[in-house]
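Engineer: Below is a structure I'd like to ask you about.
The values are calculated or read from the model by the stated rules, or taken from the named source; none is laboratory data. Keep in mind it's a predicted model, so treat the numbers as computed, not measured. We place every Cβ from the backbone using ideal geometry, glycine too, and count neighbours over all the protein chains shown.
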Amino acid sequence: MHSPLADDLATLPHLLQTVRDYAVSVLDGLGERPVAPPPVAVPAAPLPAAGAGTAGALAAFQQRWAPGFSGSAGPRYLGFVTGGTTPAALAGDWLTGVFDQNGSNRSGSSAADLEKETVAWLGEMFGLGPGHTGAFVSGATMSNLVGLAIGREWIGRRLGVDVARQGLAALGPITVLSGTAHSSVYKALSILGAGRDALRPVATLPDREAVDVAALAEALEALDGRPAIVVANAGTVNTVDFDDLRAILALRERYPFWLHADAAFGGFAALSPEHAHLVDGLAEADSVCVDLHKWLNVPYDAAVQFTRRRDLQVDVFQNAAAYLPAVSGDPDFFHLTPENSRRLRALAAWFTLAAYGVAGHREIVTRAIAAAHRLGERLTAIPGVRLLAPVRLNVVCFSVPGDLPAVVRAIADSGEAFLTPTVYQGSPALRAAFSNWRTAESDADRVAGLLHKLLTS
Ligand SMILES: *Cc1c(COP(=O)(O)O)cnc(C)c1O
């Protein structure tokens, strides 16, 4: 054995203790670490010839790379939609590496059954019911991709084409209708061969990001009976607006369409008694995307893809080979997802659900919603700041006086917080998205205080 490797093996308990101590110091400092340090160029290092062992690698990492890492796991990183890692999720993620199971199939391990249990728990938590089965994928983009791939197959079957065998060329163009689709939907359509132009944006309600269902009905009517895909948005990134799922579902009596719901983070509204009505009808969607590395607060990269048509999913994703288990009544995961070998991502989610239950995750969700409302209220007291939409769930979307890029930079340079810019209905804006388990209302106050200082000095 190569000597640094043999030395590491001989001192493994000590090495893990060293890494554990370092991890504790990082986590202890998370609340005060610069939230988003400006990028500093790290000078290139040559490919290590012999290697320095784990202790040497740790020292090099601490010296070269760690200083530039963000505090994105901490309480005031409000950019994009970013979760952290609960203690239990961290334990689960650590053990994922320790056990290093291939979650692709059930040969010789119960790991895939743990994933099944986790998916069933999540389905119940999101109110999906037994009609849906699911699988872990790496994020909401992949979840949308899988849902749309099954929808594409469904359209093919309606028109007598087996897209998985014959290809999309045998089917011709498909139509995807959506009000305010996430960018990942366009990306998925590009990958799927349907093309980004397959998505036809449908008008939204006045001053809203939610689809105008009457306009959607008109667009479906114009298809003259040709089946389509409708992407319903359950939580848009700018203003967390929700399509009226019940009204969209009612259109299925008149028009043939596959309903894919992108509930990447909005699905967590199901946990808040005051907001659960926003996702009423989710269980009846044909495919559903929910991200987990956002509001469940498990580490990257984890999301779930749910569908009511596992049969079509297998048609798309089956991976038949003599050396692999065959597709059976209860297909293995590698017959269901883009990956073949796959990390047991479910373990971190399993741990956090086992540790904190529905009640614990409801508390995280309701606390984030409270923090967003708190920030929204405090912002309205700053001269020139304007909320561009009511705080519907966990995101505050607002405009600021002055030069927006300069404000974004000043916020990041303060080390106190990180917010990302956007464009909402043609106006440059800022978003503050709350989904970290550590965030308290006092963090919202700190961010409001910072903005007050930056915008009034
Ligand atoms: C974040 C997000 C996505 C993409 O998720 P990734 O996990 O980054 O791939 C898709 N849809 C919505 C609504 C999102 O918020």
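Engineer: Taking strands (runs of 3 or more DSSP E) that fall entirely within segment 345-457, which contain at least 1 residues that are buried (at least 21 other Cβ atoms within 10 Å of the Cβ)?
Structural biologist: Those strands (runs of 3 or more DSSP E) span 395-399, 427-433.
Engineer: If the requirement is being at negative phi, within 16 Å of the ligand (Cβ to nearest atom), in a loop (DSSP other than H, G, I, E, B) and not hydroxyl-bearing (Ser, Thr, Tyr), which of these qualifies: GLY83, GLY74?
Structural biologist: When all the criteria are applied, what remains is GLY83.
Engineer: Now for a separate question. Which ones in segment 119-163 are polar (S, T, N, Q), buried (at least 24 other Cβ atoms within 10 Å of the Cβ) and touching a Lys or Arg at 6+ places or on another chain (Cβ under 9 Å)?
Structural biologist: Once the filter is applied, which keeps residues that are polar (S, T, N, Q), buried (at least 24 other Cβ atoms within 10 Å of the Cβ) and touching a Lys or Arg at 6+ places or on another chain (Cβ under 9 Å), segment 119-163 yields only ASN144.
Engineer: If the Cβ limit is 8 Å and pairs must be 6+ apart or interchain, which residue in segment 205-225 that is surrounded by 15 or more Cβ atoms within 10 Å (Cβ to Cβ) pairs with which residue that is of a type in the set (Gly, Ala, Ser) and not in a loop (DSSP other than H, G, I, E, B)?
Structural biologist: The qualifying pairs are VAL211/SER178; VAL211/ALA232; VAL213/ALA247; LEU220/ALA228.
Engineer: Among residues belonging to segment 273-305 that are charged (D, E, K, R) and surrounded by fewer than 24 Cβ atoms within 10 Å (Cβ to Cβ), point out the one that is nearest to VAL230 (Cα to Cα).
Structural biologist: ASP286
Engineer: Please work out if VAL176 is within 15 Å of the ligand (Cβ to nearest atom), of a type in the set (Val, Ile, Thr) and touching a residue at least 12 places away in the same chain (Cβ under 8 Å).
Structural biologist: Considered against the rule, which asks whether it is within 15 Å of the ligand (Cβ to nearest atom), of a type in the set (Val, Ile, Thr) and touching a residue at least 12 places away in the same chain (Cβ under 8 Å), VAL176 comes out as yes.
Engineer: Now a separate question. Being without any contact (Cβ under 8 Å) to a residue 12 or more places away in the chain and either closer than 20 Å to LEU148 by Cβ or under 21 Å from the mean Cα position of the chain (by Cα) (or both) narrows it down to one residue among ASP311, ASP315; which is it?
Structural biologist: Answer to the selection: ASP311.
Engineer: Out of the residues in segment 128-145 that are within 12 Å of the ligand (Cβ to nearest atom) and outside any strand (DSSP E or B), state the one that is farthest from GLY225 (Cα to Cα).
Structural biologist: Per the stated criteria, the residue is SER138.
Engineer: Give segment 20-54 a look and list any residue that's surrounded by 14 or more Cβ atoms within 10 Å (Cβ to Cβ) and closer than 30 Å to PHE418 by Cα, or say none.
Structural biologist: TYR22, VAL26, LEU27, LEU30, ARG33, PRO34, VAL35, ALA36, PRO37
Engineer: Here's something else I'd like to know. Mind checking which residues of segment 393-421 are closer than 25 Å to ASP241 by Cβ and either of a type in the set (Ser, Thr, Tyr) or touching a His at 6+ places or on another chain (Cβ under 8 Å) (or both)?
Structural biologist: Hits for segment 393-421 are LEU393, SER399, THR420.
Engineer: Can you spot a residue in segment 345-358 that is modelled with pLDDT of 95 or more and at positive phi?
Structural biologist: yes
Engineer: Here are some residues: SER143, SER183, SER190, SER109. Which one is under 18 Å from the mean Cα position of the chain (by Cα) and without any contact (Cβ under 8 Å) to a residue 12 or more places away in the chain?
Structural biologist: SER183
Engineer: Filter segment 221-255 down to the residues that are charged (D, E, K, R) and within 16 Å of the ligand (Cβ to nearest atom), then identify the one that is farthest from LEU78 (Cα to Cα).
Structural biologist: ASP243
Engineer: Does VAL237 meet the test of being in a loop (DSSP other than H, G, I, E, B) and among the β-branched types (Val, Ile, Thr)?
Structural biologist: Yes; evaluated as a whole, the condition is true for this residue.
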